[in-house]
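See below for the structure under consideration.
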Amino acid sequence: MTNIEILVKDLVKKHGRQRNSLMAVLQGVVQQEKYLSEDAMIVIARELDLSAADVFGTASFYTFLDTVPRGKNIIRVCKTISCHMAGKDEVIKTLENHLKAKVGETTHDGKFTLLTANCLGWCHKGPVMLINNEVFPELTPEKAIDIVEEFSKH
Ligand code: FES
């Protein structure tokens, strides 16, 4: 059995072998593997008795379920209204320049992928970004660079 088969089987055992476990299983794979490969989606379809098209469709609908390989650290800057008004554009522009990668791209050293996300639930403290699972509120462009620099040391 491949690693991905073992992982999917474990997740299916944990969440149950029914259709409404699909999201939980997809998220579990992304958490572990950082993205959803085609192989993983095929295994998930088999284990949950769904068509591969069903699984691909769900995965591409939810844009936070990455289906291409990503960097070691995933930066997600909130693009929703409160963060927009608080200056997320400046933060994004500064990060793009600093990382030499545009939104949707991964840095050459593979350390960071820069993405945007919908409201992260910290609207009163915008602009906000998430790096992996950590939230960074009240950003300024300078603060965002300092934080990213910290991450690039590990
Ligand atoms: S609008 Fe950005 S966290 Fe809600």
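The values are calculated or read from the model by the stated rules, or taken from the named source; none is laboratory data. Everything quoted here is computed from the prediction, not taken from an experiment. Reconstructed Cβ throughout: ideal geometry from the backbone, glycine too, with neighbour counts over all protein chains shown.
Looking for something acidic (Asp, Glu), more than 13 Å from the chain's Cα centre (by Cα) and modelled with pLDDT under 95 - is there at least one such residue anywhere in the range 104-117?
Residues of the range 104-117 that are acidic (Asp, Glu), as a first pass: 105, 109.
So of that shortlist, the ones also more than 13 Å from the chain's Cα centre (by Cα) come out as 109.
Retained after the next criterion (residues that are modelled with pLDDT under 95): 109.
Yes - at least one qualifying residue is present in the range 104-117.
Of these, VAL25, VAL103, VAL12, which one is in contact with a Leu (Cβ under 6 Å, 6 or more places away or on another chain) and outside the structural domain of VAL135 (by TED's automatic domain parsing)? Can you show your working first?
On the way: VAL103 fails: outside the structural domain of VAL135 (by TED's automatic domain parsing); VAL12 fails: in contact with a Leu (Cβ under 6 Å, 6 or more places away or on another chain).
Going through VAL25, VAL103, VAL12 in turn, the sole match is VAL25.
Quick check on MET129: is it closer than 27 Å to LYS13 by Cβ and either touching a Leu at 6+ places or on another chain (Cβ under 8 Å) or away from the ligand (no atom under 16 Å from the Cβ) (or both)? Reasoning before the result, please.
On the way: closer than 27 Å to LYS13 by Cβ: no; either touching a Leu at 6+ places or on another chain (Cβ under 8 Å) or away from the ligand (no atom under 16 Å from the Cβ) (or both): yes.
Here the answer is no, as MET129 does not meet what is asked.
If I ask for residues that are surrounded by fewer than 12 Cβ atoms within 10 Å (Cβ to Cβ), within 17 Å of THR80 (Cβ to Cβ) and over 18 Å from the mean Cα position of the chain (by Cα), which ones from the range 118-154 would you list?
HIS124
Since VAL148 meets every condition but one in (1) in a helix (DSSP H, G or I); (2) of a type outside the set (S, T, N, Q); (3) within 16 Å of the ligand (Cβ to nearest atom), which condition does it not meet?
(3)
Just checking, does the range 105-114 include any residue being over 22 Å from GLU33 (Cβ atoms) and aliphatic (A, V, I, L, M)?
So the first thing to find is which residues in the range 105-114 are over 22 Å from GLU33 (Cβ atoms), and the list is none.
Taking every residue of the range 105-114 in turn, none turns out to be over 22 Å from GLU33 (Cβ atoms) and aliphatic (A, V, I, L, M).
Please work out which residue is modelled with the lowest pLDDT, limiting yourself to the range 48-101 and to residues that are hydroxyl-bearing (Ser, Thr, Tyr) and within 13 Å of the ligand (Cβ to nearest atom).
Taking the range 48-101 first, the residues hydroxyl-bearing (Ser, Thr, Tyr) are 51, 58, 60, 62-63, 67, 80, 82, 94.
From what is left, the residues that are within 13 Å of the ligand (Cβ to nearest atom) are 80, 82.
Working: THR80: 92, SER82: 95.
For the range 48-101, the residue satisfying everything is THR80.
Tell me, which helices (runs of 4 or more DSSP H) lie completely within the range 36-122 with 2 or more residues that are over 20 Å from ARG19 (Cβ atoms)?
On the way: elements: 38-48, 52-61, 81-85, 88-99.
Fully inside the range 36-122 and qualifying: 38-48, 81-85, 88-99.
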